[in-house]
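Reviewing the structure listed below.
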Number of protein chains: 2
Amino acid sequence: MARKKIAVFFGEQSFEHDISILTGLQAIKVIDQSKFEVFPVYIDLNRNWWTGNGLLNQDNYPLAVKQPKDITKVKFCLGDGVGYLQPVSGGIFAAKKPIYFDAAFLAFHGDFGETGAFQGLMESAGIPYTGCRMLAANVFMNKVTTKQLCRTLGIPVLPEVVLNRPENKAFFDVKDITKDVNLPFPLCVKPLHLGSSIAVSKVTTKEELDSAVIKVFALDNQAIVEPFVENLEEYNVSVTRIFGEPSCSAIERPAKKNAILDFADKYKAGGKGKGVKGAKSGNADIRGLVSLSREYNPKELTKEQREKILSWAKTLFVAMDGNGAPRIDFLCNTKTGELWLGEVNPIPGSFAFYLWENAEPKVNFTKLLTAIIEEAFAEAGKKSLAYGTLKDNRIFEDK
Amino acid sequence: MARKKIAVFFGEQSFEHDISILTGLQAIKVIDQSKFEVFPVYIDLNRNWWTGNGLLNQDNYPLAVKQPKDITKVKFCLGDGVGYLQPVSGGIFAAKKPIYFDAAFLAFHGDFGETGAFQGLMESAGIPYTGCRMLAANVFMNKVTTKQLCRTLGIPVLPEVVLNRPENKAFFDVKDITKDVNLPFPLCVKPLHLGSSIAVSKVTTKEELDSAVIKVFALDNQAIVEPFVENLEEYNVSVTRIFGEPSCSAIERPAKKNAILDFADKYKAGGKGKGVKGAKSGNADIRGLVSLSREYNPKELTKEQREKILSWAKTLFVAMDGNGAPRIDFLCNTKTGELWLGEVNPIPGSFAFYLWENAEPKVNFTKLLTAIIEEAFAEAGKKSLAYGTLKDNRIFEDK
């Protein structure tokens, strides 16, 4: 049987563009090449599309104005119920063959590939794709709709106030916007749509609140304000049904205690420097990004807390008919033992392989990605309608 | 100032394909040509894409194998942060100029243009588009997520049982699937995702339930079973914020009492015949489709009922950050006076212009479409992120 051809997509106009490059390149290394023929497709910050083996070399990022010969600019084209990549020719005689593929493997973080738009593109082109469908991606990448859903399902979440950036106004008085925040300090301010702790602030005064909201409005048109959880500990778990019934990975307590992991800490191993240590030399293995000391199935969790986390993760995933293996983050006040759902990451950094490698039973990273790809084909088949019956509802008469 | 170029999209692989053609052609006639340069783009049932003036002639549907010269096959291409239509050339010397446009006007019903996928395609291409964003389209086109949202918001909905078509099974025993339906007869069975009363049945026995579920599973992978509302009357209202604050149209009581409007009744004016009366002769003005006797702001509604309908419609619309002018359908038991939210139509047939023409103040159809188009541009601008700051979160160093 011929191997299925899988395009691994990464990049896009996202605040998590660079980390998506790492997740994409990592996936290409890990996917089982005996089962799948894999190739990279990179969408840069300006939304140019690229393919070619040169994309596999980290030294080539960010792409230079003059690309190496093994990186080709492409367009994505659809019509005839299919989509394909068309190499961009220099002239009319240089037309190159279209590149077809059997499924899209999504290694995006944030816009527009984790949030539903790329999913819509693949649905429009009739191409199977990995991970959550549009609805789940849309709901999970919006912190407010996720909370609304949790409330319906009886999963505890923190109260919130949503603040809207004024439309059609270049200048505005932030005090007008924050005056109705009726929650007691300390508070936590976040962008409503972005992940990865970008522009997340703890604020203890009205002045800090105002400046945190301005910071969010540079990135997102909506901010969300919540109580800051005292004695905070985070617990993360991944959930999937690629192995049959919904099942959970190990629960992880990420490294940093009592503080918000900011983006720099999460992804810039070197700290204040501009680049990831080793990125330039081509050695920035993404495993380095998850090397912050973590603890799996931490002993401080009571059996009851553990069961709550696992059951809530599954309930939420099932309610949205989830796909892939999202990572669900919970917040805990370690003094009171209270738990709240924090957020859902439809495509977690490096597919949260470390959670699955520590699961019971252990799931190997390659096996995880194989199952995620196989689910893409199953999903595409599942919703295929009985197109023969489309003709039953026609108004126009056949000629 | 040059007129903005607006592509009006219609058709697609949808159970409401043909009615979408009528809505699309009607919109092209009605859009203000002094403000906008309009042209048609038709996606046929096999997902071939077409443009050209020949599409404006109803006599050309369904398209013949050999198209008239004024209908051109196109591909949609994206990359470079833009999307455009590329006429499909017969040979490499026949390459034709790409067709760019400023915004997409969506006149789809059902898959894939009312349900979020086409919206994702436009987001991926960076093209402004009319109507609901992906999230709202996805949530509203799923009857269960709409209900969950209503419950969160305190808007009454009927209880439901969701039935799943078995995966990977060509044959299955429907009795196994319906055995857990624990609602008393009579019941109403519907597809979970489709609109326009397609495959909607009233059932009074277990046998009827089973056969109605089989009927749904030919079209949709999920069925929804609800109590059948006795003494049923439907009330429809449209809601929008294209004129500023959220506002509602007239409330309409559609023609048929105490019965489910089935697809044939709604759209096939002639009744049992295959075609719309006049479709073949090119005279099937969609106004004919709304000519069933209707009543606006019906007097039997109490002030309280009226206020509930208007307030619930606005609440639901605002909660999902709705766009365009969706039509929201309510169910009423006229004996008890109880009201429930029925469903939301992000892109209602013929844009529910008749509800706006009867609104207070009256809104002219052309003015409605102008405001819907202007909102598309405003929305595209609103969420545009501060791309300069994208560079702040980079891992890879500039060379």
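The values are calculated or read from the model by the stated rules, or taken from the named source; none is laboratory data. In this text, all values refer to a predicted model and were calculated from it rather than measured experimentally. Note that we place each Cβ from the backbone using ideal geometry, even for glycine, and neighbour counts take in every protein chain shown.
Pull up the range B:1-54, narrow it to residues that are away from chain A (no Cβ under 14 Å) and touching an Asp or Glu at 6+ places or on another chain (Cβ under 6 Å), then point me to the one that is surrounded by the most Cβ atoms within 10 Å (Cβ to Cβ).
Filtering first and then ranking leaves B:Gly52.
For the structure I just gave you, tell me whether B:Gln86 is within 8 Å of chain A (Cβ to nearest Cβ), surrounded by fewer than 24 Cβ atoms within 10 Å (Cβ to Cβ), more than 30 Å from B:Glu207 (Cβ to Cβ) and in contact with a Cys (Cβ under 7 Å, 6 or more places away or on another chain).
Yes: the conditions hold for B:Gln86.
Among the helices (runs of 4 or more DSSP H) confined wholly to the range A:117-160, which include 3 or more residues that are more than 11 Å from chain B (Cβ to nearest Cβ) and more than 25 Å from B:Ala380 (Cβ to Cβ)?
none
Tell me which of these B:Asn345 doesn't satisfy, since it passes every other one: (1) within 24 Å of B:Ala380 (Cβ to Cβ); (2) without any contact (Cβ under 8 Å) to a residue 60 or more places away in the chain.
Tallying (1) within 24 Å of B:Ala380 (Cβ to Cβ); (2) without any contact (Cβ under 8 Å) to a residue 60 or more places away in the chain, B:Asn345 fails exactly one: (2).
I'm trying to understand the selection: among the residues of the range B:63-81, which are part of a loop (DSSP other than H, G, I, E, B) and within 11 Å of chain A (Cβ to nearest Cβ)?
Matches in the range B:63-81: B:Leu63, B:Ala64, B:Val65, B:Asp80, B:Gly81.
In the range B:320-344, what count of residues is obtained for those that are assigned to a strand (DSSP E or B) and touching a Pro at 6+ places or on another chain (Cβ under 6 Å)? Can you show your working first?
Step one: of the range B:320-344, the residues assigned to a strand (DSSP E or B) are B:327-333, B:339-344.
So of that shortlist, the ones also touching a Pro at 6+ places or on another chain (Cβ under 6 Å) come out as B:327, B:340, B:344.
Qualifying residue count, the range B:320-344: 3.
Identify all residues within the range A:92-106 that are in contact with a helix residue (DSSP H, G or I) (Cβ under 9 Å, 6 or more places away or on another chain), assigned to a loop (DSSP other than H, G, I, E, B) and under 20 Å from A:Ile373 (Cβ atoms); write none if there are none.
Of everything in the range A:92-106, just one residue is in contact with a helix residue (DSSP H, G or I) (Cβ under 9 Å, 6 or more places away or on another chain), assigned to a loop (DSSP other than H, G, I, E, B) and under 20 Å from A:Ile373 (Cβ atoms), namely A:Asp102.
For the range B:11-57, how many residues meet the condition of being part of a loop (DSSP other than H, G, I, E, B) and among the hydrophobic types (A, V, I, L, M, F, W, C)?
3
In the range B:358-395, which residues are at the interface with another protein chain (Cβ under 10 Å from one of its Cβ atoms) and modelled with pLDDT of 80 or more?
Residues satisfying the conditions are B:Ala378, B:Glu379, B:Gly381.
Restricting attention to the range A:163-182, which residues are assigned to a loop (DSSP other than H, G, I, E, B) and out of contact with any strand residue (DSSP E or B) (no Cβ under 6 Å at 6 or more places or on another chain)?
In the first step, residues of the range A:163-182 are kept if they are assigned to a loop (DSSP other than H, G, I, E, B); the result is A:165-173, A:179-182.
Correct list: A:Arg165, A:Pro166, A:Glu167, A:Asn168, A:Lys169, A:Ala170, A:Phe171, A:Phe172, A:Asp173, A:Lys179, A:Asp180, A:Asn182.
Check A:His109 against each of (1) part of a loop (DSSP other than H, G, I, E, B); (2) farther than 26 Å from A:Leu368 by Cβ and name the one condition it does not meet.
Condition (2) is where A:His109 drops out.
Across the range A:117-153, what is the total count of residues that are touching a Cys at 6+ places or on another chain (Cβ under 8 Å) and in contact (Cβ under 8 Å) with a residue 24 or more places away in the chain?
Of the residues in the range A:117-153, 1 are touching a Cys at 6+ places or on another chain (Cβ under 8 Å) and in contact (Cβ under 8 Å) with a residue 24 or more places away in the chain.
Can you report the number of residues in the range A:75-93 which are modelled with pLDDT under 95 and within 26 Å of the chain's Cα centre (by Cα)?
So the count comes out to 1.
State whether one or more residues within the range A:169-178 are within 9 Å of chain B (Cβ to nearest Cβ), touching a residue at least 12 places away in the same chain (Cβ under 8 Å) and of a type outside the set (Ser, Thr, Tyr).
First, pick out the residues of the range A:169-178 that are within 9 Å of chain B (Cβ to nearest Cβ): none.
Looking for residues that are within 9 Å of chain B (Cβ to nearest Cβ), touching a residue at least 12 places away in the same chain (Cβ under 8 Å) and of a type outside the set (Ser, Thr, Tyr), one finds none in the range A:169-178, hence no.
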